[in-house]
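Reviewing the structure listed below.
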Amino acid sequence: MTAPGTARGAVSGPASREVRSTGVRLTSLGYGAAQAGNLYRPTTDAETQEAFDVAWAAGVRYFDTAPHYGLGLSERRLGACLSGRPRDEYVVSTKVGRLLVPSPETAHEKDPDMFDVPADVRRVWDFSRDGVLRSLESSLERTGLDRIDVVYLHDPDEHEEQAFAEALPALVELREQGVVGAIGAGMNQSAMLARFVAEGDVDVVMCAGRFTLLEQPALGDLLPVAAGRGAAVVVAGVYNSGLLAREVVPDDATYDYAQAPPALLDRTRRIAAVCADHGVTLPQAALAYVRTHPAVASTVVGLRTADQVRQAVDRHTAVVPHDLWADLVDHGLLAPEAHPDAFA
């Protein structure tokens, strides 16, 4: 592994923000590459390349992947897309905690974990120091990169103590050696992320689905401690896995990767109606809301096609009136403490 440089990030397009004093800069809109790993359905190399090229042209310079995404396919495709691009102009994050182990006995089967790829390798949880080092080395090989800018502990929910005792110190060591730029954790919950920020020496965390226009549990734990300690927060799952992703909420909309219950569908439709009164769409408001908190450095959106990238960029740059938030509070659809004015 070679040491990362210090001049990273986009010079145009979405605004960028440095993560602490690491030299790592994240564009405010990040490219989530899970779909490049055939999340739910196949995606072609050509589709991935076209989507990447449109994102690059729009100024997106933060790209997030993981070994978990398509059993390494996402990392390989992202590396191919980045090949030939100036290395100091972009930031890549990947994750550790799941090793990919050869599994020839299941190679004829399909991955059982949401990705449409052959199960020729299997995931093995490993938050040991050795597991972290092996995972990172494998990610470098798959991406073909000389360094990884940001490394997250990936979903350590059931491995909390090993993650704190072994994995996190390993990442701190790699950062101190200059092997990686910034370190943290990525999870679908906020409480443990708050502990990582409060007790661990982390620079950035990725919080998926727990700070959105629909729900804000991270306001009670993660975001205040992150703001106080100067740690950056990357928000993922901003659409709550689909419920906030469309202007008109369909009956089959999903929430946390399952069918949204009727009460939640109704509430979301009422939020969309208030947004429409202010001349903005539900997805535009969803993206704008999470950016109002000062601890949030970037929003990562999962992108599959060039059209999805263009749509995300348009939504990200839409002007959303500030009085929308007060109107949502007045309608009982946003708690007073969740109004952006309360974040200051």
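Quick note: the coordinates plus some simple rules give every number you see, no bench work behind them. Computed from a prediction, not measured in an experiment: that's the story for all the values here. No Cβ is skipped: glycine too gets one built from the backbone with ideal geometry, and neighbour counts run over all protein chains shown.
Considering helices alone, the calculated mean residue ellipticity of the chain at 222 nm is -9500 deg cm²/dmol, with DSSP H runs of length four and up weighted by -39500 (n - 2.57) and normalised per residue. Please say if region 16-343 is rounded, prolate or oblate, where rounded means a/c under 1.5 for a ≥ b ≥ c the square roots of the C-alpha gyration tensor eigenvalues, and otherwise the choice is prolate for a/b larger than b/c and oblate otherwise? Since a/c reaches 1.5 and a/b is larger than b/c, the shape of region 16-343 is classed as prolate. Each peptide in 224-231, 112-119 receives the mean, over its residues, of other Cβ atoms within 10 Å, and ordering these scores from highest gives 224-231, 112-119. Packing, taken as the mean count of other beta carbons within 10 Å per residue, orders the peptides 73-86, 247-260 from highest to lowest as 73-86, 247-260. Site pair Phe343 and Thr305 shows an inter-label distance of 3.1 nm when each label is modelled 7 Å from Cα along Cα→Cβ. Neighbour counting of Cβ atoms within 10 Å sorts the residues Arg142, Arg17, Arg61, fewest neighbours leading, into Arg17, Arg142, Arg61. Counted over region 190-344, the DSSP beta bridges are approximately 20% antiparallel.
Looking only at region 16-343, where both bridge partners belong to it, what percent of the DSSP beta bridges are antiparallel (to the nearest 5)?
Approximately 30 percent, going by the DSSP bridge assignments.
For region 58-117, a/c is not less than 1.5, where a ≥ b ≥ c are the root eigenvalues of the C-alpha gyration tensor, and a/b tops b/c. That puts it in the prolate class. Taking a ≥ b ≥ c as the square roots of the eigenvalues of the Cα gyration tensor, an a/c ratio below 1.5 marks region 233-327 as rounded.
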